[in-house]
Amino acid sequence: MVRELPASARPREKLLQRGADALADAELLALLLRTGLRGQPVLSFAQQLLQRFGGLAGLLQATPAQLAGIKGLGPAKRAELLAVFELARRALAEPMRQRPVLDHPQAVADLLRLQLADRAHEVFAVLFLDAQHRLLALEELFRGTLDQASVYPREVALRALQHGAASVILAHNHPSGVAEPSAADTALTRQLQAALALLDIRVLDHFVVTRAGCTSMAARGLL
């Protein structure tokens, strides 16, 4: 039990005395969970959750359905965790809503990794930007095996028009962990560039996202 630990080792007291940076991921999560299961202290429960989802990044990707299947996570705890996850995403997006996305390349990479890196399946997302390259919206548009047949340019164009976007940044994940753009990725990017150019909407970049990081196709000269 947490209360059986020395006061200086308890997550709450440790955070207040030494700051949040002093806490391990499991300790931070334990503060949110507050209680464990019968016979399982909250720190152990928190560590189990992290192991189940492959770490903190994986847990941040958890869906409501996935959390609902875990014994010990009732509606209140699930709601609190999902709220914290969403706050993290919004905090990363906020600077890009105020200033040009191109001023925040690391923030773009961090946001995309949080959104896509730990998905077990491929996801295609689009950042819609205004004329000043500020973020209007980030949307996941397609899932599954991604190629020219499964990503529809008309859908991307329609959402861009609905958002009033002047440009877009494309992104998709590689569950394999290989961050190198494939020939199919390049072909898809060029197809979308051509389709969006007809509407005077620029494709600024296309990121390939993995747990290890993001690869910019623009930086590779592939756009």
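The values are calculated or read from the model by the stated rules, or taken from the named source; none is laboratory data. What you are looking at is a predicted structure, and each value in this text was computed from that prediction instead of being measured. Note that each Cβ is placed from the backbone with ideal geometry, even for glycine, and that neighbours are counted across all protein chains shown.
Worth a mention:
- Under the condition of being without any contact (Cβ under 8 Å) to a residue 60 or more places away in the chain and over 19 Å from the mean Cα position of the chain (by Cα), the residues counted in the stretch 182-216 number 22.
- Checking the stated criteria, Leu199 turns out not to satisfy the condition of being under 17 Å from Leu129 (Cβ atoms), surrounded by fewer than 20 Cβ atoms within 10 Å (Cβ to Cβ) and either modelled with pLDDT under 90 or among the acidic types (Asp, Glu) (or both).
Results for (1) of a type in the set (Ser, Thr, Tyr); (2) closer than 30 Å to His133 by Cα; (3) more than 22 Å from the chain's Cα centre (by Cα); (4) at pLDDT 85 or above, shown as yes or no for each residue.
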position	(1), (2), (3), (4)
Arg3	no, no, yes, no
Ala22	no, no, yes, no
Asp25	no, no, no, yes
Val42	no, no, yes, yes
Ile70	no, no, no, yes
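- Looking only at the stretch 71-105, and only at residues there that are out of contact with any Pro (no Cβ under 6 Å at 6 or more places or on another chain) and not in a helix (DSSP H, G or I), the one that is surrounded by the most Cβ atoms within 10 Å (Cβ to Cβ): Leu73
- Matching residues, the stretch 53-82, being of a type in the set (D, E, K, R) and over 23 Å from Glu140 (Cβ atoms): Lys71, Lys77, Glu80
One line per residue, one yes/no per condition, for (1) buried (at least 17 other Cβ atoms within 10 Å of the Cβ); (2) over 21 Å from Cys214 (Cα atoms); (3) in the same structural domain as Leu204 (by TED's automatic domain parsing); (4) in contact with a Lys or Arg (Cβ under 8 Å, 6 or more places away or on another chain):
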site: Ala26; (1), (2), (3), (4): yes, yes, no, no
site: Leu29; (1), (2), (3), (4): yes, yes, no, no
site: Pro41; (1), (2), (3), (4): yes, yes, no, no
site: Phe45; (1), (2), (3), (4): yes, yes, no, no
site: Leu49; (1), (2), (3), (4): yes, yes, no, no
site: Gln66; (1), (2), (3), (4): no, yes, no, no
site: His121; (1), (2), (3), (4): no, no, yes, yes
site: His133; (1), (2), (3), (4): yes, no, yes, no
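- Selection within the stretch 55-65 - touching a residue at least 12 places away in the same chain (Cβ under 8 Å) and either of a type in the set (A, V, I, L, M) or assigned to a helix (DSSP H, G or I) (or both): Leu56, Ala57, Gly58, Leu59, Leu60, Ala62, Pro64
- Which numbered condition Phe128 fails, given (1) over 22 Å from Thr63 (Cα atoms); (2) surrounded by fewer than 21 Cβ atoms within 10 Å (Cβ to Cβ); (3) assigned by TED's automatic domain parsing to the domain that holds Arg143: (2)
- Strands (runs of 3 or more DSSP E) lying entirely in the stretch 120-223 (those with 3 or more residues that are among the charged types (D, E, K, R)): 135-143
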